[in-house]
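First comes the structure, then the notes that go with it.
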């Protein structure tokens, strides 16, 4: 083996140099965590995910054969935020995302998804299909007095018409929640599969259900790392037992090939609570799976 040893991989995602010029698919960090409601620290998530991604630079995907090094990729560094101001930060994130054709965002808290959806829905000119993988439904009307906290993302996204609830599926949901909050999204047409549903029905059936819901139009993937069981992802702010295994999450993303993906975010990695970098590595690997999945479709 020749070249740079793994431990000396440059600090960009997958060893990419930092640039200000978007590519066909661009990675950017969004170090926002002022809307968190339990353990803080996701502002350090993007750096931790990038560092863990050094494990993924040695060649092609073992199943699809896609080598990200052959794709048009860029790491744009960190988005600017307004320190201590949620709404001003959301406005800044939306402005920056609007300039990027296809964005893979590394959070940061889940609140960053709302401005990303705002920018993307405006760009495509219609409501988006959504695959939301999470332990939490994130459809509270407010989070402990915060209208735009990280638990209210999809309440606003649905009310603003950014996503089509009939083409939205939430997978992995299992946290305690008020009855009226749990009922809110399904009443509007959202499909919800709990983690127990996934375990009982199997990942193949879950993939088939998700593909049927998402359909053929423009789609977005939002992946909260706490969808994984804490055994696989302890480094997050709101861990919930009984979650997905990392292999299930990998299989889910691989099973989404061929749909009209327009962007992804990977959020809620909080490295201060991580163990041996396993949460950051899970986040980096799922982001890499997305790159290889859309990259395979680009190669057709």
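Every number here is computed from the coordinates shown, using simple stated rules; none is lab data. Quick caveat: nothing in here was measured; it's all calculated off a predicted structure. Cβ atoms come from the backbone with ideal geometry, glycine included; neighbour counts cover every protein chain shown.
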Descending packing, highest mean Cβ count within 10 Å first, for 150-157, 262-269, 96-103 is 262-269, 150-157, 96-103
Less than 11 Å from a label point 7 Å out along the Cα-to-Cβ axis of residue 178: which backbone N atoms in the range 134-167 qualify, by residue? 140-145
How would you rank 58-66, 115-123, highest first, on the average number of other Cβ atoms within 10 Å across their residues? 115-123, 58-66
Mean Cβ count within 10 Å, highest first, over the residues of peptides 241-249, 31-39, 228-236: 228-236, 31-39, 241-249
